[in-house]
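Okay, so here's the structure we're looking at.
A short reminder: the numbers here are calculations on the coordinates, not readings from a lab. Remember, predicted model here, so these are calculated numbers, not experimental data. Don't worry about glycine lacking a Cβ; one is built from the backbone with ideal geometry, like all the others, and counts go over all protein chains shown.
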Amino acid sequence: MAKLHVTTRGDRARPPILFIHALGVDHRFWEEAVERLAVDYFCIAPDLQAAGKTPNPPQPVTAPEHAADLAALLAELGIGRAVMVGCAIGGMVAAILAANYPRLAAGVVMTNPGVGNTDDVKDILRARVGEVRAHGMKVLLPAAPERSFHGMPRDERFDRYVERYVAQDPESYALTVLGYLDIDIRQSLPKLKCPLLLIPGGNDTLMPADGADVIKGLAPHGQIVRFEEVAHFIPYQAPDRFVETLRPFLATADW
């Protein structure tokens with residue numbers, strides 16, 4: 001297990017939320033959502049291994065290993081139970097964390113949910129690893145951000161994402177991709193007993209369109225709220241609506 005760089009915001013006495021970022025971003029992915037939620041909750045936003053200010057590991061880290069890091073982080077912070085909120089692959093890590101450490105899970109939120117990478121996405125990710133190791137992150141421009149923002153405005157938020165995306169250390173990105181390549185959470189989903197919220201994006205071309213339905217088939221108590229006009233990064237691309245949707249769910253969490 002690794003010691004993660006972590007930022008916290010809000011009153012530690014408030015109910016805690018653990019935010020688990022997507023592939024290719026860091027804790028800043030959550031900054032607008034955290035700003036709104038920290039009024040009422042204790043918000044915990046770490047950088048996973050090979051992301052942000054957490055150092056690179058010697059080899060790729062799998063999703064269960066990331067989950068173990070996060071369980072250790074909650075113990076270090078003295079958090080007994082938290083709602084785990086993750087986007088895309090970060091949502092898959094949240095599900096594994098809740099399945100492997102059920103006593104820690106007051107609830108799970110998966111935006112842009114999926115159960116694993118499709119073969120097409122695996123091919124894309126493998127190609128990206130070779131490209132960034134050879135040529136740096138800029139080689140992925142403009143295709144990678146354009147795909148993540150399919151159907152979304154090319155505004156200041158998009159420009160900020162691109163600036164941060166290209167500033168990543170190429171080896172950090174490569175290690176992260178390789179660790180997630182074969183992720184599959186289908187065996188974890190029937191173990192989820194805590195409240196579960198699924199928020200798919202209608203413009204998401206990276207996660208399968210039926211991802212939320214597949215998850216609900218294996219965890220029938222899950223709720224689905226669709227954001228039809230949003231793409232692959234719902235909490236970042238539509239933070240106001242995301243927070244409005246999250247608040248009623250948080251009121252039902254098993255703190």
Ranked on Cβ counts within 10 Å of their own Cβ, fewest leading, Tyr161, Tyr101 go Tyr101, Tyr161
Going from the fewest other Cβ atoms within 10 Å to the most, one would list Tyr236, Tyr173 as Tyr173, Tyr236
At q = 0.20 1/Å the base-10 log of I(q)/I(0) from the Debye formula over the alpha-carbon atoms of segment 148-255 is -1.23
Expected sort for Ile20, Ile224 with the fewest Cβ neighbours (10 Å cutoff) up front is Ile224, Ile20
Averaging 1/r across every pair of distinct alpha carbons in the chain and inverting yields a Kirkwood hydrodynamic radius, in angstrom, of 17.9
Output row, site Asp254, 7 Å Cα→C-beta label point, backbone N cut-off 11 Å, window segment 106-132, residues 106-108
Longest principal axis of the chain (C-alpha) makes with the long axis of helix 156-166 (C-alpha) an angle, in degrees to the nearest 10, of 70
The ³J(HN,Hα) series, computed from each phi in segment 206-216 with the Karplus coefficients 6.51, -1.76 and 1.60 at θ = phi - 60°, rounded to the nearest Hz and given as x for glycine or proline, is 9, 9, x, 4, 9, x, 5, 5, 4, 5, 5
For Lys193, the lysines lying under 23 Å Cα to Cα, once residues fewer than eight places off in the same chain are dropped, come out as Lys216
Summing -39500 (n - 2.57) over every DSSP H run of at least 4 in the chain, dividing by its residue total and rounding to the nearest 500, the 222 nm mean residue ellipticity is -12000 deg cm²/dmol
To the nearest 10 degrees, the tilt of helix 119-135 (Cα long axis) against the first principal axis of the alpha carbons of the chain is 60
Net charge (Lys, Arg +1; Asp, Glu -1) of residues whose beta-carbon lies under 11 Å from that of Tyr41, Tyr41 excluded, is +3
Filtering GluC sites (Glu not before Pro) in segment 155-255 by DSSP loop and by at most 14 other Cβ atoms within 10 Å leaves Glu228, Glu229
Neighbours of Gln223 by Cβ distance under 13 Å: Lys/Arg at +1, Asp/Glu at -1, summed charge +1
